[in-house]
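Everything on this sheet refers to the single structure shown next.
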Amino acid sequence: MLRLARFLKGHIPQAIIAPLCKLIEAIAELAVPMIVANVIDIGIAGGDKAYVIKYCIIIAALAVGGFIISITGQFLASKVGMHFGTRLRTATFKRINSLPASAANRMGGASIVTRITGDVMNCQQAVNMFLRLVLRMPFVLVGALVMSMIIDPVLSLLFVAMAVVLGGIISCVLKISLPRIRRSQKNLDELSRRSTESLTGARVIRAFNKQSNTEASFSSAADVTAKTNMSVSRIAALLAPMTFAVVNLAIICVLWFGGIKVNNGALTQGQIVALINYLNQAFFVIVAIGNVFSVFTRSAACAARVNEILDCPLEQDGNLEDIPDCDNVVEFCNVSFAYDGDYDVRDISFAVGKNKTLGIIGGTGSGKSTIINLIERFYSPDVGTIKFCGENLQSYRADAVRKAIGYVPQRTAVLAGTIESNLKIANPALTKERALTALKIAQAEELLASHGLDGAVAQDGKNLSGGQKQRVNIARSLCRDNLLYLFDDATSALDYKTERNFIEAMNDVSGAKIFVSQRISAVSGCDEILVLDNGKIVGRGTHDALKSSCPLYAEFCASQVG
């Protein structure tokens, strides 16, 4: 948690005033038992009603003043905690958007969502509680001990004994609870993952009537989470009866030995009442310390998970921003790359010149999308070099490279809003004429006629078909002038006629183009075609040349064309 203190910047004055307010409240609270003792010993014992009324008014004034000061401290602590949570959440979200793809894959989407929501909220609550109690609790505890020693040093030893016993109980409870609390946070990640899978795969689950299996799987994960949380709650439940037993025993001892001293004249009735009040104040503070440690223990686990995101190295960025003119837009020089373990692509070499088209075809898992991911700088090659316009791709700023590339991912990405708002993701200054041209090239006239540019797009494009979403993605890549266009299986949801019309329309678009597909029809017209198998290039050339020189390509032709 201390490493997250930098997010308090800008609210340091409030972070100082809030605990000071709680400190003033504690001072007023500690003064009341001594005043009550004087009221009993002087006012009531002496029958002085004026004295009693005077000090009752003082007690009421202290209560009202303490209430006002306490509310002020609570307000400032809540305000600081809210701003802390907002800044931490914003910084975490910003970091997530800058993480290398490998780091995001390692953590998992469900875990990242849990960290940026639940974990950040727990850290925010810990800051709020810390500001409210950091000065108040130790001051009340020490103050109660000091005041009791002033009244009677011998009986004050009961405070020390009670504090030691309660401290031992709380320590044992926290020691047992901590591993379970950490396990509970991981269980929340699993619940989040299963919920996400159920939502994204709802149609598949229903199509195969697997609702009961999904519900059983979720219930199983929920039961594990519930059992873990219940075990923590059971252990925490022991805290209250054990602490009450210790405190009540301490009160009995005070009354027992204090009564003897009252009979001997060493103490007064008012001082005994004050001792019991200080004992109760110390008791509530010790119990509060236990609860605070429980919250801080959970928040420490959450802070570690948030810090894992904040500490994750960002993707390596170069310094070059200006992209020079050259003959080859992209050039792979003996590139090899592995996500984890063995190389997924090996010894890949090719070049794509200006206004040239390259087709990449291969079976599932042959490494086609990996090449696209490397060009987009989602990953860096393990071996070899990728050049972009004559310079090492890693020498450029990532945003400069991506601004020069029109990218259509294999998995369609459509955001809630309108068709126009989705197109403006690529070009915020998009004109209506440019948008219409892009939609026309993407063969989306039918979509435009039925929806219009202002047509609503539901979350994840639920109100669009697969082909419509794919055409919106294609049109988005065409909404600005690019040096390179990457189409990663971008026509898989289109019929053959629409696909052919789109590829023919792309001939009039300037810029290098790379078409990745499993369809012969998508790559047959390219200037050069690469055939991939198991991460290696097993054939290259034109469509006609590969039919006779590459058995795998000939097999694709035979199975698809006939």
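The values are calculated or read from the model by the stated rules, or taken from the named source; none is laboratory data. Since the model is a prediction, treat every value here as computed from it, not as a measurement. Note that each Cβ is placed from the backbone with ideal geometry, even for glycine, and that neighbours are counted across all protein chains shown. Quick note on the areas: whole protein, heavy atoms, side chains included, nothing else; ligands and nucleic acids left out. Shrake-Rupley method; radii C 1.70, N 1.55, O 1.52, S 1.80 Å.
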A chain fully extended from residue 236 to residue 507 at 0.36 nm per residue, minus the present Cα-Cα distance, gains in nm 90.6 nm
Centre separation in Å (Cα based) which lies between the range 255-318 and the range 173-245: 29 Å
Modelled FRET efficiency - R0 45 Å, residue 245 with residue 101, Cβ distances, 0.05 increments: 0.20
Mind checking the angle between helix 466-477 and the chain's longest principal axis? C-alpha axes, 0 to 90 degrees, to the nearest 10. 90 degrees
Tell me, what are the semi-axes, in whole angstrom and largest first, of the equivalent ellipsoid of the range 255-330 as set by the roots of 5 times the Cα gyration tensor eigenvalues? 72, 11, 6
What span do the alpha-carbon atoms of the range 324-388 cover on each of the three principal axes, reported in whole Å from largest to smallest? 37, 23, 19
Counting Lys +1, Arg +1, Asp -1, Glu -1, what net charge surrounds residue 226 among other residues with beta carbon under 15 Å of its beta carbon? +4
Along each principal axis of its Cα atoms, how long is the range 94-234 end to end? Whole angstroms, biggest number first, please. 78, 36, 21
Counting only heavy atoms of protein chains, what accessible area per residue, in Å², does the range 488-552 have with a probe of 1.4 Å? 45 Å²
Accessible area (Å², 1.4 Å probe, nearest 10) - residue 412: 40 Å²
Kirkwood hydrodynamic radius, the chain, all distinct C-alpha pairs: what's the number in Å? 29.6 Å
Accessible carbon and sulfur surface of the range 144-225 relative to its total accessible area, %, 1.4 Å: 65 percent
Which three semi-axes in whole Å describe the equivalent ellipsoid of the range 1-140, each the square root of 5 times a Cα gyration tensor eigenvalue, listed largest first? 49, 12, 10
Mind checking the per residue accessible area of the range 291-354 for me, 1.4 Å probe, whole number of Å²? 52 Å²
Share of accessible surface on carbon and sulfur in the range 358-457, whole %, 1.4 Å probe and ligands ignored, is 52 percent
Relative contact order [Cα under 8 Å, 6+ residues apart], the range 118-266, whole percent: 34 percent
Which aspartates and glutamates have a Cα lying under 16 Å from the Cα of residue 49, excluding residues fewer than 8 positions away in the same chain? 41
Students often get this wrong, so check it: of 354/462; 403/513; 94/186; 354/440; 354/469, which have C-alpha atoms separated by over 26 Å? 354/462; 354/469
Mind ranking 441-453, 372-384 by how tightly packed they are, going by the mean number of other C-beta atoms within 10 angstrom, highest first? 372-384, 441-453
Which order do peptides 121-133, 190-202 fall in by mean Cβ count within 10 Å, highest first? 121-133, 190-202
Could you please state how large a percent of the accessible area of the range 298-342 is carbon and sulfur, counting protein chains only and using a 1.4 Å probe? 41 percent
Over the range 46-159, what is the mean sequence separation of C-alpha contacts under 8 Å (at least six apart), divided by residue count, expressed as relative contact order in percent? 31 percent
If packing is taken as the mean number of other Cβ atoms within 10 Å per residue, what is the order of 268-277, 544-553, highest first? 268-277, 544-553
Residues residue 493 and residue 308, FRET efficiency given R0 of 35 Å [Cβ-Cβ distance, rounded to 0.05]: 0.40
How large is the accessible surface of residue 557 in square angstrom, using a 1.4 angstrom probe and rounding to the nearest 10? 10 Å²
